Amino acid sequence: MFKKICNTFLFVFMLLLTSCATSVGMKVTRPAEIDLHGATSIAVLPFRTGNDSFYTDDYFSYFDYFLQILNASKYVNERQIVDGFQRMLEKEISRSTDLILINSNSAESYLERGKKCPSDVFIIGSIRNLKNDIDEKSLQKKEGNEIITLTSCKRNVSFDLRYQVVESSTNKVIYTDTIYFSEESATASRVSDLPSPFEMARYKLQSKAENLINGFTPHEMTRYLSLLDGPKNHLEMERANELAKNDLLEQSYKKYMQIYRQENLFEAGYNAAVILESMTRFDEALDLAEELALKFNEKKAYRLVNDIKNEIAQERKYLDQIDAK
C-alpha cells in the first residue's frame with residue numbers, strides 16, 4: 001500500500017514538473033519609487049518626541065520644528081527609538097553610491113539661523129502614542145516545606161512613527177509614511193531581562209530605513225515571462241520553446257513568428273511578442289500584442305498589451321529621472 005502511494009505521488013510530481021510552462025528572463029531597471037527630482041544630498045534631522053501633533057501640511061515649518069523639539073529630552077524611550085531610527089537612516093544613506101549624507105548638526109545649524117538647509121532634501125519625523133506596558137504575574141509554588149514565589153513578565157509596546165522627506169529649496173513635502181508598531185515581548189522572569197522598546201522595534205525600523213533609502217535610487221531586477229504551450233505534438237512549437245529555454249531569444253522569436261504567419265497560431269504570435277518584450281524591444285512587442293488582441297480577442301493578449309505598456313511607462317519614468325540629474 002505504501003509503495004503504491006509513493007508511486008502515485010512520484011507520477012503526479014513528474015507530471016507537474018514536465019507541465020511547467022517555459023519562461024524567459026528580462027532584466028529591467030526600475031525607476032526610483034520616491035522621485036527626489038535630481039537631488040543627491042540628504043540630511044536626517046532629529047525626530048520629535050512626545051504627543052505633539054504630526055506634520056499635516058504639505059510644507060515644512062522651521063518655527064514649528066524647533067518649537068516642538070525643545071522638550072524632547074524628557075521622553076527617554078521615545079528618544080531612544082527616534083535616535084536609533086535616525087542612525088539607521090544615516091547609515092543606509094552613507095552606504096549608497098548615489099547619495100551624499102549631510103551632517104545633521106550642520107543642517108540644524110543652518111536652519112536655526114534661518115538659512116536654507118545645505119542638503120538638497122532632508123528627512124524629519126516624530127513619534128507619538130508610545131505605550132510601554134509591563135504585565136507582571138506572580139505564582140506561589142510549594143516545594144517541600146518551602147513556598148516559592150515565581151514571577152513572570154512581558155512588555156507590550158506600540159507607537160506610531162511618522163517621517164517625511166522635504167525638498168530644501170521649496171520646503172515642500174515630497175514623501176510621507178508612517179510606521180505602525182505593536183508587539184508583545186517574550187516572557188521573562190525579571191523586568192530587567194525584558195528587551196527595551198527600541199530593541200523590540202529594531203528589526204522593523206531597520207527594514208523601513210533600508211526600504212526608504214533604497215526607494216530613492218533606481219534598481220535592477222529580473223522578471224520572468226511565461227510562454228504558452230502550443231498544440232500537442234506540434235514539433236515546430238517544441239523547437240521554438242527549446243530555443244527559448246536555451247536563451248537563444250532571437251532565434252526563438254524568428255521561429256515563433258514563422259509559425260504565426262504561416263499557421264495563424266495564437267500561441268506562436270503570443271510567444272513572439274513575449275520574446276520581444278524580454279529583449280526590451282517594447283515598441284515591436286506592443287504592435288504585435290495589439291495585433292493579437294484585435295485578431296483573436298483573447299484575454300491573455302489584452303493582459304500582455306497592458307504589461308508591455310507598463311514596461312514602457314517604467315522605462316520613460318527612469319529616463320526622466322536620469323535626465324533630471
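The values are calculated or read from the model by the stated rules, or taken from the named source; none is laboratory data. As the structure is a computational prediction, the values presented were derived from the model and not from experiment. Because the Cβ atoms are built from the backbone with ideal geometry, glycine has one as well, and the counts that use them run over all protein chains shown. SASA here: full protein model, heavy atoms, side chains in, ligands and nucleic acids out. Shrake-Rupley method; radii C 1.70, N 1.55, O 1.52, S 1.80 Å.
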Which condition number does ASP83 fail, the rest of (1) within 30 Å of HIS219 (Cα to Cα); (2) surrounded by 14 or more Cβ atoms within 10 Å (Cβ to Cβ); (3) at pLDDT 95 or above being met? (3)
Out of the range 169-198, which residues are more than 23 Å from the chain's Cα centre (by Cα) and open to solvent by 50 Å² or more (accessible area, probe 1.4 Å)? SER169, THR170, LYS172, GLU184, ALA186, THR187, SER189, ARG190, VAL191, SER192, ASP193
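Listed residues LEU288, LEU235, LEU225; which is over 30 Å from the mean Cα position of the chain (by Cα), at negative phi and open to solvent by less than 70 Å² (accessible area, probe 1.4 Å)?
LEU288
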Inside the range 86-100, the number of residues satisfying the requirement of being farther than 26 Å from LEU130 by Cβ and surrounded by fewer than 19 Cβ atoms within 10 Å (Cβ to Cβ) is 6
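Yes/no matrix, rows are residues, columns are (1) open to solvent by 10 Å² or more (accessible area, probe 1.4 Å); (2) farther than 30 Å from GLY38 by Cα:
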| site | (1), (2) |
| --- | --- |
| ARG239 | yes, yes |
| GLN251 | yes, yes |
| GLU267 | yes, yes |
| THR280 | yes, no |
| LEU292 | no, yes |
| ASN297 | yes, yes |
| TYR318 | yes, no |
Cβ contacts < 7 Å: first residue touching a residue at least 40 places away in the same chain (Cβ under 8 Å) and closer than 19 Å to TYR256 by Cβ, restricted to the range 215-230; second residue open to solvent by 50 Å² or more (accessible area, probe 1.4 Å) and of a type in the set (A, V, I, L, M), any location; separation 6+ or different chain. Result? SER226/ALA21; LEU227/ALA21; ASP229/ALA21
Just need a number here: residues in the range 131-168 that are within 18 Å of PHE181 (Cα to Cα) and either within 26 Å of the chain's Cα centre (by Cα) or surrounded by fewer than 10 Cβ atoms within 10 Å (Cβ to Cβ) (or both). 8
Pairs returned, first residue in the range 258-276 that is touching a residue at least 40 places away in the same chain (Cβ under 8 Å), second residue that is open to solvent by 20 Å² or more (accessible area, probe 1.4 Å) and in a helix (DSSP H, G or I), beta-carbon separation under 7 angstrom, 6 or more apart or interchain, are TYR270/LYS300; ILE275/LEU249; ILE275/TYR253
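Taking SER158, is it of a type in the set (Ser, Thr, Tyr) and farther than 21 Å from MET88 by Cα? Walk me through how you get there before you give the answer.
On the way: of a type in the set (Ser, Thr, Tyr): yes; farther than 21 Å from MET88 by Cα: no.
Criteria not met by SER158.
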